[in-house]
Amino acid sequence: MASPSPEHGLVYALVGNPNCGKTTLFNALTGMKQKVGNYPGVTVERKEGDCYSQHGERMRILDLPGSYSLNARSPDEAVLRDVLLGRRADTPRPDRIVCVLDATNLERNLYLVTQILELGIPMILALNMVDAAEAKGVRIDLQRLTQKFGCPVVPTVANTKKGLIELKVAMSRPDPPVPKPLLDAIPVSIRGALLRCRESLSAAGVVASTTSLLEPLYLLSDHDDTHYGLPQPHLEKLQQAREQLSREIPNWEDTLVAARYDVIHSVCREALHRPDIEKRTLTDRFDAILLHRVWGWVSLIAAMGAMFWLIFSVAETPMHWIEQAFAAVGDKITQWMPDGDLRSLIVDGALAGVQGIIIFLPQILILFFFIGLMEDTGYMARIAFIMDRLMGRVGLNGKSFLPILSSYACAVPGVMAARTIDNPKDRLITILVAPLASCSARLPVYLLLIAVLLPSEQVSWTVKALLMVGLYSLGTIGAFFFAWLFKSKLLPGKPQPLILELPGYKRPSLRNIFQQMYSRAWMFVRRAGTVILGLSILLWAASTYPKTEGTKSEQLAHSVAGKIGHAVEPIIKPLGYDWKVGIGLIASFAAREVFVTTMSTVYSIEEEDDSDHEKLRDQLKDAHWPDGRPVYTPSVCLGLMVFYVFAMQCLSTVAVVRRETGGWKWPLFQIAYMTGTAYIGALVVYQIGHALGY
């Protein structure tokens with residue numbers, strides 16, 4: 001094996017099944033010394049970080065996607081396989097491996113171990129969640145596992161950092177033992193057939209003549225050739241080899257899986273000791289309620305209601321602090337600088353625009369906290385289980401709901417999360433409907449319009465929370481409807497059954513949750529500091545020039561932004577919107593939250609007194625048509641909220657969908673159907689409300 005470079009030191013790959021605590025262990029090892037991005041060519045998240053050995057030497061840690069097997073059935077599993085086999089030019093083949101195992105479900109986790117042992121790479125087994133296993137009365141003979149696999153076994157509890165020092169000591173060894181592959185894991189007959197397939201694939205140039213037996217094995221096991229960058233002639237040779245292998249040994253894959261599990265059961269009989277009578281665990285007691293046919297739904301609705309109630313009540317105080325801080329900065333700038341375009345640019349353009357987004361950061365942090373809490377405790381998988389029956393009615397399964405649920409934070413990772421869905425048609429349908437979940441970017445728009453529709457002094461927070469739940473529910477219902485429509489008409493196919501692991505409940509790691517909150521919040525603030533700040537300045541310039549004599553209202557109407565707004569007003573007037581709302585709609589096609597920034601910029605220019613910083617919601621409530629009618633009537637506010645529930649206004653999501661689907665066909669279709677639905681929905685709401693006098 002090649003020696004590590006002095007610059008990066010040893011390269012460790014962190015691997016394991018989903019929900020085994022791998023990411024928590026990665027965070028514990030690397031702290032804040034992490035880089036997050038995507039692997040080139042695929043929308044699979046790439047995490048790497050640094051930690052230091054007991055001797056002070058740098059070690060590079062690659063957090064590879066979670067997988068149950070090296071037989072790739074999705075792009076993220078393909079990345080794991082290719083990195084471990086050294087088939088990715090952008091990622092070094094790891095010098096060593098840390099395989100994280102869930103001690104409460106050892107048999108299932110050992111399947112991946114039997115495959116990795118055959119790679120010949122030095123490996124450490126991190127036996128995680130041993131506290132949960134002990135609570136069930138399970139005892140694991142660590143010495144027996146070490147002897148059987150020929151590699152160190154370190155017990156850990158990642159969320160409390162128990163065993164972290166011992167793991168670092170094992171990782172720091174200069175001469176790690178070579179692991180022992182389990183010879184019985186590949187039957188002799190299959191091994192011989194694979195050798196013959198390797199020879200034919202080598203002669204055709206599909207694999208190198210020196211390649212190990214494993215690369216042909218995983219090439220032949222993966223029937224989704226989109227996971228490879230092989231030319232068409234090589235794919236044809238690969239298919240011929242598959243057919244040859246199937247003729248020689250029918251059902252060879254099932255035979256191989258059975259052989260592996262026979263070996264695993266033999267190991268577990270020797271090293272795993274369970275109590276004669278299984279104790280009813282805390283997970284069992286919780287699941288009796290949270291997975292109940294009735295109480296499960298009640299618990300889910302109660303959890304969502306509590307989240308929205310906190311978004312309105314707890315976040316009010318820090319929002320007030322942010323508002324005061326921006327007002328103080330604006331007052332200081334006004335005092336220091338003479339009146340003119342530069343001061344207006346800073347105060348009315350940049351400062352007002354960024355304030356319109358940052359002020360909603362407390363609510364967004366609460367949303368991120370709840371999502372992180374559900375993921376870390378294991379409740380997120382229960383939500384998928386609860387939703388499976390409902391998703392089955394639209395032709396999908398509960399696994400498709402997880403990307404939709406992730407999209408409530410941001411549609412970008414939600415769309416990327418769809419890569420874990422095995423069926424290509426189901427994956428595409430999930431990508432098409434995931435942005436209908438109300439992401440955090442919609443939250444500032446909802447909060448602003450709810451404040452205009454339901455003033456705080458007249459309506460309780462409970463009513464506002466119920467309205468917010470209604471908006472989120474509308475997006476979810478829309479996602480279900482279009483999933484059913486696409487599954488039955490556009491991409492028909494048989495429903496796939498849900499195969500989902502329900503991990504045991506565990507105490508959440510607040511450090512891990514807060515670290516996720518920090519990274520997501522920083523991403524949100526960074527957007528405000530780049531895209532939104534730039535758009536705010538452009539909007540200020542478009543609203544200020546060309547200049548004309550008269551009131552600020554006349555100046556705005558004469559400006560570039562005003563002319564654009566007037567140009568689209570005939571299209572949006574049936575929705576009850578004036579030309580100023582048109583400016584906001586056009587600007588927010590870049591990102592939904594830009595609507596708030598835009599309206600802040602537009603209405604700050606219209607103020608009669610620059611020193612009097614009226615709140616944006618008050619300015620919207622006071623907005624009128626030329627004939628004196630109010631613009632933001634209840635039907636307009638509700639229609640505008642419905643528009644933002646359905647509209648596809650996020651360039652980042654469009655870019656990710658294009659990368660995920662491999663072209664512009666589906667992103668353009670997505671923009672068309674979502675924007676069309678938004679327009680029709682807003683039109684119906686406004687026209688009915690207007691006819692009823694609202």
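The values are calculated or read from the model by the stated rules, or taken from the named source; none is laboratory data. Predicted model only: the values in this text are computed from it and were never measured. Using ideal geometry, Cβ is built from the backbone for each residue, glycine included, and neighbour counts are taken over all protein chains shown.
Quick notes on this structure:
- Every pair of residues 6+ apart whose Cβ atoms lie under 6 Å, when the first sits in the stretch 68-87 and is assigned by TED's automatic domain parsing to the domain that holds Asp102 and on the phi > 0 side of the Ramachandran plot while the second is surrounded by fewer than 22 Cβ atoms within 10 Å (Cβ to Cβ) and at pLDDT 85 or above: Gly86/Arg93
- Failed item in (1) at pLDDT 85 or above; (2) basic (Lys, Arg); (3) in contact with a helix residue (DSSP H, G or I) (Cβ under 7 Å, 6 or more places away or on another chain), with Lys621 passing the rest: (1)
- Phe368, sole failed condition from (1) of a type outside the set (Ser, Thr, Tyr); (2) crowded, with 21+ Cβ neighbours inside 10 Å; (3) farther than 30 Å from Ser313 by Cβ: (3)
- Filter result for Val178 (within 30 Å of Leu245 (Cα to Cα) and without any contact (Cβ under 8 Å) to a residue 60 or more places away in the chain): no
- Meets criteria (at pLDDT 85 or above and part of a loop (DSSP other than H, G, I, E, B)) for Pro94: yes
- Close pairs from the stretch 150-165: first farther than 18 Å from Cys51 by Cα and assigned to a loop (DSSP other than H, G, I, E, B), partner at pLDDT 90 or above and of a type in the set (S, T, N, Q), Cβ under 9 Å, at least 6 apart: Pro152/Thr146
- Filtering the stretch 361-416 to residues that are closer than 19 Å to Gly305 by Cα and either touching a strand residue (DSSP E or B) at 6+ places or on another chain (Cβ under 9 Å) or in a loop (DSSP other than H, G, I, E, B) (or both) leaves Ser407, Tyr408, Ala409.
- Residue in the stretch 8-26 that is surrounded by fewer than 20 Cβ atoms within 10 Å (Cβ to Cβ), modelled with pLDDT under 85 and among the β-branched types (Val, Ile, Thr) present: no
- Within the set Tyr111, Tyr52, the sole residue that is out of contact with any Leu (no Cβ under 8 Å at 6 or more places or on another chain) and free of Cβ contacts under 8 Å to residues at least 40 places away in the same chain turns out to be Tyr52.
- Of the residues making up the stretch 657-678, one or more are within 19 Å of the chain's Cα centre (by Cα), basic (Lys, Arg) and assigned by TED's automatic domain parsing to the domain that holds Tyr577.
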